[in-house]
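Down below is the structure, laid out as structure tokens.
The values are calculated or read from the model by the stated rules, or taken from the named source; none is laboratory data. In this text, all values refer to a predicted model and were calculated from it rather than measured experimentally. Note that we place each Cβ from the backbone using ideal geometry, even for glycine, and neighbour counts take in every protein chain shown. Surface areas here come from the heavy atoms of the whole protein model, side chains and all, with no ligands, DNA or RNA. Shrake-Rupley method; radii C 1.70, N 1.55, O 1.52, S 1.80 Å.
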Amino acid sequence: MADRFPRDRPPQDRLVDRRRFLERMGLLTAAAAAGTAFAPTRGLALPASGIGAPTLPDPGSIQATEPWEMSVAELAALLRDGAMSPAELVEAYLARIDAMDATLKAFNTVDAEGARAAARRLGGSAWSGPLHGIPLAIKDNYYTRGVLTTANSHIYADFVPEYDATAWARLREGGAILLGKTQMGPLATSSATTPDGVRTTRNAWAPRDPTVDPGGSSSGSATSVASRMAASSTGTQTGGSITNPSSQQGLTGLKPTMGRVSLHGIVPLTYTRDHPGPLARDAKDAAILLQHMAGPDPLDPRTQGLPAVPDFVNAAEPVRRGSGVGLRWPTTVGLLPGHQDASEEGGGPGGFGRRSETPEARERRLRQAGERRAAEVAARRTMVATFQELGAQVVEVDLPPDWEILTGSDFNNVRLPERTEPFLDVLRRDVRLFGVSLSPWINGLLLSGPEYLRGQRAKMLLLQRVLDGLFARCDVVVQTSPIPFDIIGLPLLAFPIGFEESKGKGTPLPVAGMVGGLPFGEERLLALVAAYQAVTDWHRRRPADAPARGGGGDLGGEPPHRLDVLDVLETGQ
Amino acid sequence: MNPTPVQELTDEELDAYIRTRLRQAGVDIGVLPADDPDAPADQRGILEGARRFLRSTPPAILGFEPDVQLVAPALYPAALGATLGDGGDG
């Protein structure tokens, strides 16, 4: 471990001048209303911000023996030293996809030949950085030049983009290899299903049980990494779609601040709330991916004029404090009311086809939800204690006024016209193209202009109250839901903190913690979780390999289950 | 005369409003089956979801009245925090 940063250098979240920030809001809102907030349709991307020489593990300290068991940082150290070639790594992952993906259904498209060609090309060139030769799984709503990009929707069934999404282009320019495109909720709405609502992707921790939610909508991205069919992956989050599947499958998922990562070349869902980000094995890997994905893009005005991209990779390098590990920056962690209350009903983040479930399935879900909730609370208490042992101050924070209203489902629905507008021509052509996802696009037509603007005003009020209230006494808030951070664009980081046993099934499922930060607070979140992961090993655990189709007994469990339009409306993001 | 609260409007009244609004926008849900639980989407489910939305969301939003002099409507609250304070090195 290295301490490359002086302790008196504050993280970027405390460099934002809040007063000027809030004053500037009104001006920029006017600019956005005048139309400058909309991105043009295509063009070349600027290269991502460069990173310094990242601290990579000593190859001699790597405990994993198989390449697919290693983190991106560990693989980078071996690829840098020539102890492994990109071609060997790609073949190792393709073999795992071949063995398990018929069961897990994490991928929509596997680009085996493209991956092999890229590996050959990279194997013949000098090591260029920590993504050089790293095979990634990319969510199927990122444009990938020459590779089918469906967003799991009939609308894009045959769409082969002519250019890459900026975020993927930057990863590729960093040396990443496209293994394939991952399953997702249709148009990024729900957990992964076919466009007509039949469940596809399984949770890697419970491949035999189709009722275990893989998390959505970046379901295939999470399953691909959790099952070690990819080194890391990308997702998008509008209402929990990175942090939710990461939580469900034991991964470290980062939803950055709005504007950190360009949305150019990503199929839009809700243009003021879509956030691209990584689903990774640990904080260091998430930092490596974000380092490449982040930065201004002339094709996305949302990325312009923001604070420069800091060194996320070194922020995620744990630091020594005396004989142990400490925090890179003094950090106060805020706990929300009810954070340790186990009485809440629910099934964890998100939902999974609740309306059409049988009474027996509902009873089982609620029982499992109660067990899961109790396990989550116990794990969170331990997580908070660990933060304190690392040197964090912990305080209880109060919810701002009108919290239930401003973060409730009605104000959350203000997003719906934003998904309708870019797809008006498709709605007029044939509503059947939306398959099971149609309802929110219809409802978006039913909100008036004044109602939409009132909702935007409420977002601003909510941000003011979060900054002045929740963050008045702390730097980081322990979250149990992506709401309201998704609504107001603040960063979130989910990470594994334990396991709960699903009674009667014998399948241990991951339990997750989640921390939220100030605008541009990714560094602090990464530093906190990297320190936590330096003294815990939850992030290193992986599920048993999934059985192959036809060779592993009954994989079905129940008949194929499908969502209907109201399921998607109630549980989708 | 006070308008009828939306919660008291009948399903038929709301369905007529929804169908008119969709027709005005050029969107035709008549191509969907009327009532087919096995279809990916049917008119019954779409209308039910729309009625639920109309009875809840617009009234909740319009019932909340922030001070319009103090709070601007903001599309991108966090991303608009593009200003570094003095001494920021980004």
The summed charge of the residue A:180 Cβ neighbourhood (under 10 Å; Lys/Arg +1, Asp/Glu -1) stands at -2
Rg/Rg_globular for the stretch A:143-285, with Rg_globular taken as 2.2 N^0.38 Å and Rg from C-alpha atoms: 0.96
Whole-Å distance, taken between Cα centres, linking the stretch A:123-184 and the stretch A:218-244: 14 Å
What one gets for the stretch A:219-259 as the Kirkwood radius, inverse of mean 1/r over different Cα pairs in Å, is 10.2 Å
Place +1 on the Cβ of every Lys and Arg and -1 on the Cβ of every Asp and Glu in the stretch A:62-170, take the dipole about the Cα centre, and give the residue among A:169, A:87, A:154 whose Cα lies farthest towards its positive end. A:169
Part-to-part distance (alpha-carbon centres) for the stretch A:367-426 and the stretch B:19-82, which is given in Å: 23 Å
I need the shape label for the stretch A:367-434. Rule: rounded when a/c is under 1.5, else prolate if a/b > b/c, else oblate, with a, b, c from the alpha carbon gyration tensor. prolate
Express the accessible area of chain A per residue in Å², computed with a 1.4 Å probe while the remaining protein chains stay in the model. 34 Å²
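Using the structure shown, list the pairs from A:139/A:255; A:181/A:255; A:105/A:284 with a Cα-Cα distance above 23 Å, or answer none.
Details: A:139/A:255 14 Å; A:181/A:255 19 Å; A:105/A:284 27 Å.
Where the Cα-Cα span goes over 23 Å, the pairs concerned are A:105/A:284.
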Calculate for chain A the 222 nm mean residue ellipticity that helices alone would give, adding -39,500 (n - 2.57) per DSSP H run of length 4 or more and normalising by residue count, nearest 500 deg cm²/dmol. -10000 deg cm²/dmol
So what is the relative contact order of the stretch A:83-235, in percent, for Cα pairs below 8 Å that sit 6 or more residues apart? 28 percent
About its Cα centre, what dipole magnitude does the protein assembly as shown give when the only charges are +1 on Lys and Arg Cβ and -1 on Asp and Glu Cβ, stated in debye to the nearest 20? 900 debye
With Rh as the Kirkwood radius over Cα pairs, chain A has Rg/Rh of 0.93
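How large is the translational diffusion coefficient of the stretch A:50-190 in µm² per second when you combine the Kirkwood radius over alpha carbon pairs with Stokes-Einstein at 25 °C and 0.890 mPa s?
Here the translational diffusion coefficient equals 155 µm²/s.
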Nearest-5 percent of antiparallel DSSP beta bridges in chain A? 70 percent
If R₀ is 56 angstrom, what is the calculated FRET efficiency for the pair residue B:70 and residue B:38, using the beta carbon separation as r and rounding to 0.05? 0.60
For the stretch B:10-70, what percent of Cα pairs sit more than 13 Å apart? 68 percent
Semi-axes, largest first, in whole Å: what does sqrt of 5 times each Cα gyration tensor eigenvalue give for the stretch A:160-242? 23, 15, 11
Enter the buried accessible area of the A/B pair, total of both sides, probe 1.4 Å, in Å² rounded to the nearest 100. 5500 Å²
Along the charge dipole of the protein assembly as shown, pointing to its positive end and built from +1/-1 on Cβ of Lys, Arg, Asp and Glu, which listed residue (A:237, A:435, A:388) has its Cα farthest out? A:388
Over the stretch A:220-338, equivalent-ellipsoid semi-axes from the Cα gyration tensor in Å: 25, 19, 15
On alpha-carbon atoms, Rg over Rh for the stretch A:444-522 using Kirkwood Rh? 1.16
With no solvent and one equal point scatterer per Cα, compute the Debye intensity ratio I(q)/I(0) for the stretch A:246-297 at 0.14, 0.27, 0.29 Å⁻¹ and report its log10, rounded to two decimals. -0.37, -1.05, -1.12
So what is the relative contact order for chain A, in percent, with contacts set as C-alpha pairs under 8 Å and at least six apart? 19 percent
Residues residue A:159 and residue A:421, FRET efficiency given R0 of 25 Å [Cβ-Cβ distance, rounded to 0.05]: 0.80
Go through A:448, A:107, A:280 and say which Cα lies farthest out towards the positive end of the charge dipole of chain A; charges sit on Cβ, +1 for Lys and Arg, -1 for Asp and Glu. A:448
